[in-house]
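Here the structure comes first, spelled out in structure tokens, and everything after it is commentary.
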Amino acid sequence: KAWLEYLSEYPHVSEFFRSAKQFRNQISVVNGKKAGTDINLYKLFTEQCFNLLRSGGYCGIVIPSGIYTDLGTKQLREMLFAQAKVTGLFCIENRKNVFENVDCRFKFVVLTFEKGGQTKTFPAAFMRHDVAELDRFPQEGAIDIDVDLVRRLSPDSLSVMEFKNEMDVGIIEKMAQFPRLGEDISDLWRFELGNEFHMTGDSMLFKEKAGKGRVPLYEGKMIWQFEHRLSDPRYWIDEIEGRHALLGRNKDAGQKLNYQTYRLGHRSVASSTNERSMIATILPPETFFGHSLNATKSQLPRGVLLYLTAVLNSFICDFALRSSVSANLTMFFVYQLCVPRLTESDPAFGQIVKRAARLICTTPEFDVLAKEVGMKSHKEGATDPGERAKLRAELDGLIARLYGLTEDEFTHILKTFPLVPESVRAAAFNAYRDVGKGEVK
């Protein structure tokens, strides 16, 4: 009884925070629609601190790094940029256990601001490990970030990218010459991601053994870049029950649903401090997936699926994502990525697609996809580790050239992946040079 009474308080408390005037900046609005609606204590504390200040009052607060990256904190950033002067954004990673019993990869921010006025630029430092550096901030180790640049690079979310120096800014501006993945462009393919089953909310559908009429449930840990068999499935879903859950009130007339097609899927949980943040591949047909993955909803041409998988797995796109993502790689971060909308008429498109196909089409489930892009079957796929490494390096070289990166810029990007073996980074750089010489066809 006590437990039920305790639980019964939450809807009322939540409704208060969602409707109270002093917490008007808790819910983000993107294109006129509410987004990032979760109530979070650090968001509430930040806005209440702002409310309690008089004009000219000063605040310093230690909060999670989501304050400058997450979609759910967009309105708080609007508030700080438009109604305050941000005087410091110092991000520290918990590598030295500044906070005990907290994961070493977790990132915190020392945010300082003065109420009143507007923020045009603000000093920031990211990925620091030593609290003592605060004594020298912002005089040493800081970079001034222009709010207009933030608005230009992230018009929907106002996410602040983790720039460490001017070269970071230059690389991101080169990417920004291409459209964001979430943009609708007439006469070109449209990219849309979606969810399917929730690992807790839909667990009553999950079976622990394969059987007749059961479809495997994919989870994030089952995939790696260009690989769909990193581990075996834990659960299966009866196909009829799964279809009923996906269709809801709609009638099942045997219509083809997304789970029956090839889909690009990526892990939705990915820290910027991992070996790689973006982990994407193509899921075989006749598979469901849980919420640790996101996958394409729109029916894209299969060549485009392969092209996009390669671009998303590239070092440059991963670099851009790591500048924004803290712990969760939501759809919104992917939509913000700037990607060239190539089609079959572009020479680079075919070069990228044929390599991605050989990396992905390695099992019979991919025979249809393989034949559609010019392979005879999955048997032409690359399974030898050395050959796969060569293909991946060539893809990184091709995509770096696609974005117009200089040698210095690509070298800089590769250095931001310290957990990736040096041999892999060196191979990618050598392939970049070979592409420039015309030696990669």
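The values are calculated or read from the model by the stated rules, or taken from the named source; none is laboratory data. Predicted model, so just to flag it, every value in this text is computed and none were measured. As a convention, Cβ positions derive from the backbone with ideal geometry for all residues, glycine included, and neighbour counts pool all protein chains shown. Surface areas here come from the heavy atoms of the whole protein model, side chains and all, with no ligands, DNA or RNA. Shrake-Rupley method; radii C 1.70, N 1.55, O 1.52, S 1.80 Å.
Spacing of the modelled spin labels on E208 and M167, each 7 Å from Cα toward Cβ, amounts to 5.2 nm. The relative contact order of the chain, computed from alpha carbon pairs under 8 Å that lie at least 6 residues apart in sequence, is 12 percent. Label separation (R18 vs S231): 3.4 nm, computed from points 7 Å beyond Cα along the C-beta direction.
Rg and Dmax of region 323-374, based on Cα coordinates, read 15.0, 39 Å.
The modelled label-to-label distance for the pair K256/S8, using points 7 Å beyond Cα in the direction of Cβ, is 5.2 nm. Set against the 2.2 N^0.38 Å expectation for a compact globular protein, region 87-169 has a Cα radius of gyration ratio of 1.16.
The trypsin sites (Lys or Arg not before Pro) found in region 316-423 that occupy coil by DSSP, while having at most 10 further C-beta atoms within 10 Å, are K376. Accessible surface calculations at 1.4 Å, restricted to protein heavy atoms, place region 118-238 at 53 Å² per residue. Averaging the sequence gap over all C-alpha pairs within less than 8 Å and six or more residues apart, then dividing by the number of residues, gives region 222-279 a relative contact order of 30 percent. Consider a paramagnetic label point 7 Å from the Cα of R95 along Cα→Cβ; state which residues of region 239-278 have an amide N under 19 Å from it. 271-277, by backbone N distance to the label point. The alpha carbons of region 34-132 stretch over 36, 33, 22 Å along the principal axes, in descending order. For region 258-265, backbone phi angles converted through the Karplus equation (6.51, -1.76, 1.60; θ = phi - 60°) give residue-by-residue couplings of 4, 5, 8, 10, 6, 9, 7, x Hz, Gly and Pro being listed as x.
Whole-Hz Karplus values for region 229-234 come out as 10, 5, 8, 7, x, 8 Hz, taken residue by residue from phi with 6.51 cos²θ - 1.76 cosθ + 1.60 and θ = phi - 60°; glycine and proline positions read x.
Calculated from the alpha-carbon coordinates, region 173-242 shows an Rg and a Dmax of 17.5, 52 Å respectively. Distance from the C-alpha centroid of region 1-76 to that of region 129-180: 25 Å, rounded to the whole angstrom. Only lysines eight or more places from K96 in sequence, or on another chain, were considered; those with a Cα closer than 27 Å are K43, K107, K164, K415. When the helices of the chain are scored as -39500 (n - 2.57) per DSSP H run of n ≥ 4 and the total is divided over every residue, the value at 222 nm lands at -10500 deg cm²/dmol. Each eigenvalue of the Cα gyration tensor of region 220-288, multiplied by 5 and square-rooted, gives one semi-axis; in descending order these are 28, 12, 11 Å. Charged neighbours of V30, selected by a Cβ distance under 10 Å, balance to +2 (K, R count +1; D, E count -1).
Binning the C-alpha pair distances of the chain at 20 Å intervals from 0 yields a P(r) profile of 23, 53, 23, 1 %, listed from the shortest bin outward. Distance between the C-alpha centres of region 376-411 and region 229-259: 34 Å, rounded to the whole angstrom.
Gyration tensor analysis over the Cα atoms of region 241-368 returns equivalent ellipsoid semi-axes of 26, 20, 13 Å (largest first, whole Å).
Length gained on full extension, A82 to T121, computed as 0.36 nm times the residue gap minus the Cα-Cα distance: 12.9 nm. Rolling a 1.4 Å probe over the protein heavy atoms of region 203-246, with every protein chain left in place, gives an accessible area that is 50 percent carbon and sulfur.
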